[in-house]
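Report on one structure; see the data block that follows.
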Amino acid sequence: MIGTVLCYVLLPAARLLQALRDAFFTCRKNVLLAKSPSTQIEGVFAATRGRSVPEEQEALLQQWLEEGVENLSASEGVPAVRKVSVTLTSDWLEGSELLMTSLSDLNTSPEVTRCADQQLSELNALASSELQDHAVAELARLPAEETVTVGGSAPWAAEVPQTDHPTAGCAGVSVEVLNDDPAVLAWSLACDAETVPPVLPAQPIQDAVPFYPVPTDVPYHEILWRDWEDLSVQPCVLEQVSKNTSLFEFRVMSYNILAQDLVEQGLDLYVHCHPDILNWNYRLPNLLQEIQHWDPDVLCLQEVQENHYWEQLEPTFKEMGFACFYKRRTGTKTDGCAVCYKHSRFQLISLSPIEYFRPGLDVLNRDNVGLVLLLQPVLPEGLGLKAVSPLCVANTHVLFNPRRGDIKLAQVALLLAEIDKIARTTEGSYYPVILCGDLNSVPDSPLYKFIRNGELSYHGMPAWKVSGQEDFSQQLYSRKLLAPLWPSSLGVTDKCQYVTLCQPKKLGRRQYSREFLLQFRFCDVACERPPQLVLLEGVTDAKPAREHAAVTAAPKRHNFLSFLGKQCSGIIQHGLNLTSVYSHFLPQRGRPEVTTMPMGLGATVDYIFYSAEPVENKAGRRLYKDGALKLLGRLSLLSEDVLLMANGLPNPFCSSDHLCLLASFGLEISSL
C-alpha cells in the first residue's frame, strides 16, 4: 500500500541523515530477520488512526526513533520548522519477491535520501497521533502535485499513488564498506556511475524459497566461505600410503563459467541479479581471480564462449602457465568445453575431442561435446629412476533438457567409450581416470548410478527419470527408453566400448562374422523360398538338404536367439570403476550440497569422478577405496540456504550460476 503523508521535520537535515545512517540499517536488518511469511507488516504504518501494528515491529521502530534522536545535543538551537511533502512507501517485500531485490538495487536507488524522509515520516506517524491527524488534514488541502523546497535542497514532488504500478519496499541508505572486499566491486561500480542502470522488473518465482537479503555490513566472502577439507589425514588414506611411497600431487578444478551469450538469451533466469554483475567485463576478472586463487594444475571448463576463449581466456591462461585445448559445440552454438593443464606439471600424450551429434539418430541429435586427454605427469628432477602412471582427464557438458534422458544416457555412453579407448593399457587394464563436467543430473539419479556403479537397466524407464531433474510422472504420455538404446551402426557396444577395439572372442563365438552367420544357413527360414523371389533356374531354385538342416537348425537357432537376447536386454555397463569426489551431503549442516541454483532452487549437477578400486556392493551400491589415484582433499560446497542468503547465483562475489569444484589428488610414484 502506498500512502502520502505531510509531516513536519524538526531535525536539522545534516543531523537527521547522520542519525539515520546510525540507526536505519540496524533496524531494517532486525525487522527483516524477525519477519516470516506469516508475520507481515501490512499497509502504511498507522497511516490512519486505529490501524493496528504488530507489537514486534512497533517496538523495533520505536527503538529506531529513539536511537536516531537521543544523541542530539541539548544545546542546539531549535531549528526552523520545514514543511516537506514526501511519498511514504511501506510495502515490505515478502517471500520470493525479496529474491528480486539485490543489494546493488538498494544501494544505487535514486530515492536513497528520499527514503530516509519516508522512514522518518513513518516513525513520526507512530510516535504522534496528533501530528498524524494534522498531516492527513493538511494533505487533503494539497493539490494533486505540489513542489516545495527543503532548506535549499532539490525540490520534492508530492505524488499521487498509482495503483497500476506499486512502488516496491523502501530502498536502503548507502553504507561505507571496505574497498578491499571483493564483493563491494559491484556496489562501487553502480555507485560511481552517473546514471543508474535500468533494473530488471521483479517477477515472482514459483516454488522459490523465501529469501531475505544480506545486510550490506556482512561481506559476501564471509557468507560464501568454503573450507578446504584435508582428506590425507584420514586413517583410511594413511593406511594406503606407506612411509616409503611418494606421491605426485596435483589439483583439478571443474567449473561451468556461464557463457555470456546464454546470459543474454535467458535474462529471465537472472532477474534477481543487478545488471552490473551480469556484465562480462565485471564477471571475467572475478572468474580469473577465483581460478588464480585456487591455482589448479588441471582446469576443466564448461560453457566457454568461443570468442571469449580465443580473445581473452586462452591468452590469459597461457600467461598463467597453462596449455589449453578447446572444443566448441556443433551447430550454431557459440560455447563449448575447454581443458587446460600446466605444462610444467604435465605433458600431452593424446587428445580426443568428441561430438555427440550423429546425423539421422534421434537419440544423438544434440550439439553437446566433450574432450578426453591423456597426460603424462612431469616428475621433478633429482628423483632418479622413478615413474608415474599417465592420467586420463575427460571433460563434458551433457544436454540440459530434463525430458530427454535417453539423449543424456547415449552421450555419456559415447564419452565412456572414448575414455575406454584412450585410457586402456596394452595389458587390458586402465590408466587412472578423472571425469569432470556438468552432467545435468542429480545425485542418485539413474544416470549418476550408471557412472558410479558401472551398470544400468534402462528398458522401459521413463526418459525424464534418467536425470532426476524434474518429476513428470503426472503426464499421461511420456517417452520411455527401449532396448537397444542406440543402433549397432553407432559402433558402440552395450559395455560402452567401440566395437573395433573389443578384444576378439573365442573361435566360433565371434559376433556377426561370416562364419557365425553361415551356421544358420540350414535353419527353417533359410530353407523356405520367399514367394516374391524370382525363379531363376540354377540360381534361386536350389534348396539345402533337409536332413542336414534337421540336425543343425535347432541348436544353432537357440544360440542365435540367445545372442540377440543379450544384445537387447536393456542393460548397459562400463568397467572404469569411477566414484565421486563429493558425498553430496553436508553432515555439519544436515543439508544436501549444491553446485548450481537456477531460479532460486539449489541442485547438484556438476561432478568430479575419479578411478578407485571397488570393495563390495551393498544394496546395489558399489563401495570403493582409493587405488593408485588417491583423493587428498577437496574444496567444500555450500547448501541452498547459504546461497539464498547471498541472493543466489550469480552474485557480486561468485560470477557464475555454478560453483567451482576443486579436488587434490596424488598419484603413486614407483621405481622403474
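Bear in mind that the values in this text are calculations on the coordinates, not laboratory data. The structure displayed is predicted, hence computed values, not measured ones. Counting neighbours? That spans all protein chains shown, and the Cβs are built from the backbone with ideal geometry, glycine included.
Mind listing the long-range amide H neighbours of LEU231? Cut-off is under 5 Å, sequence gap 5 or more, other chains count too, H placed in the peptide plane at 1.01 Å from N.
Those qualifying (amide H under 5 Å, at least 5 residues apart or on another chain) are GLY633, ARG634.
How would you order 513-523, 451-461 from highest to lowest mean count of nearby Cβ atoms within 10 Å?
Going by the mean number of other Cβ atoms within 10 Å, highest first, we get 451-461, 513-523.
Between rounded, prolate and oblate, where does the range 591-672 land on the alpha carbon gyration tensor, with a ≥ b ≥ c its root eigenvalues, rounded for a/c under 1.5, else prolate if a/b exceeds b/c?
oblate
Using a Debye calculation, one point per C-alpha and no hydration shell, please list log10 I(q)/I(0) for the range 298-367 at q = 0.12, 0.13, 0.26 Å⁻¹ in order.
After summing over all Cα pairs, the log10 values are -0.38, -0.43, -1.16.
The range 311-390: which GluC sites (Glu not before Pro) are DSSP loop and have at most 13 other beta-carbon atoms within 10 angstrom?
Those satisfying the criteria are GLU381.
How large is the charge dipole for the range 337-460, taken about the Cα centre, if only the Cβ atoms of Lys, Arg (+1) and Asp, Glu (-1) carry charge, to the nearest 20 debye?
140
Classify the range 362-419: rounded, prolate or oblate, from the alpha-carbon gyration tensor (a ≥ b ≥ c, eigenvalue square roots; a/c under 1.5 rounded; otherwise prolate if a/b is larger than b/c)?
Prolate, because a/c is 1.5 or more and a/b exceeds b/c.
Go through LEU415, ALA526, TRP486 and say which Cα lies farthest out towards the positive end of the charge dipole of the range 407-540; charges sit on Cβ, +1 for Lys and Arg, -1 for Asp and Glu.
ALA526
GLN573 to THR425: extension gain in nm, 0.36 nm per residue of separation minus the Cα-Cα distance?
Separation in residues times 0.36 nm, less the Cα-Cα distance, equals 51.4 nm.
Rounded, prolate or oblate, given the Cα gyration tensor of the range 425-538, with a/c below 1.5 counting as rounded?
Note, shape of the range 425-538 comes out oblate.
What pairs in LYS465/LYS625; LYS333/LYS465; LYS342/LYS495; LYS386/LYS630; LYS327/LYS449; LYS421/LYS449 have C-alpha atoms more than 24 Å from each other?
Result: LYS465/LYS625; LYS333/LYS465; LYS342/LYS495; LYS327/LYS449 exceed 24 Å.
Against the empirical 2.2 N^0.38 Å scaling, what ratio does the C-alpha Rg of the range 302-419 come to?
1.24
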